[in-house]
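Novice: Take this structure, written in structure tokens, and hold onto it; I'll ask about it next.
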Amino acid sequence: MAVPKRRVSKARRDKRRSNVWKMDAVALVKCPNCGEFKRPHRLCTACGYYNGKQVIAVD
């Protein structure tokens, strides 16, 4: 059976057990133009607007 060769320190053990390293969910905001959810500071893929201006034409 595998046995650790050296004792794991409390700091190393607690770092491993902490939840800091886990990924967070992606933040979403509503587009002020169409109301679809989008990532902040990015172009809305549903309507093509960014910062109140139409950037791309979406069919």
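Novice: Can you pull out every residue in segment 23-45 that is part of a strand (DSSP E or B) and either open to solvent by 100 Å² or more (accessible area, probe 1.4 Å) or acidic (Asp, Glu) (or both)?
Specialist: Passing the criteria: Lys30, Phe37.
Novice: Please go through segment 3-22 and give me each residue that is small (Gly, Ala, Ser) and either open to solvent by 100 Å² or more (accessible area, probe 1.4 Å) or touching a Leu at 6+ places or on another chain (Cβ under 6 Å) (or both), ordered by number.
Specialist: Within segment 3-22, none qualify.
Novice: Let me ask something additional. For the list (1) of a type outside the set (Asp, Glu); (2) surrounded by 10 or more Cβ atoms within 10 Å (Cβ to Cβ); (3) at positive phi, I need the number of the one condition that Gly52 fails.
Specialist: (2)
Novice: What are the residue pairs meeting all of these: first residue in segment 31-46, first residue over 16 Å from Ala57 (Cα atoms), second residue among the hydrophobic types (A, V, I, L, M, F, W, C) and not in a loop (DSSP other than H, G, I, E, B), Cβ atoms under 6 Å, and 6 or more apart or on different chains?
Specialist: From segment 31-46, the pairs are Pro40/Val29.
Novice: Of all residues in segment 7-22, how many are of a type in the set (A, V, I, L, M, F, W, C) and assigned to a helix (DSSP H, G or I)?
Specialist: Qualifying residue count, segment 7-22: 1.
The values are calculated or read from the model by the stated rules, or taken from the named source; none is laboratory data. Worth saying up front: this structure is predicted, and the values here are computed from it rather than measured. Don't worry about glycine lacking a Cβ; one is built from the backbone with ideal geometry, like all the others, and counts go over all protein chains shown. SASA here: full protein model, heavy atoms, side chains in, ligands and nucleic acids out. Shrake-Rupley method; radii C 1.70, N 1.55, O 1.52, S 1.80 Å.
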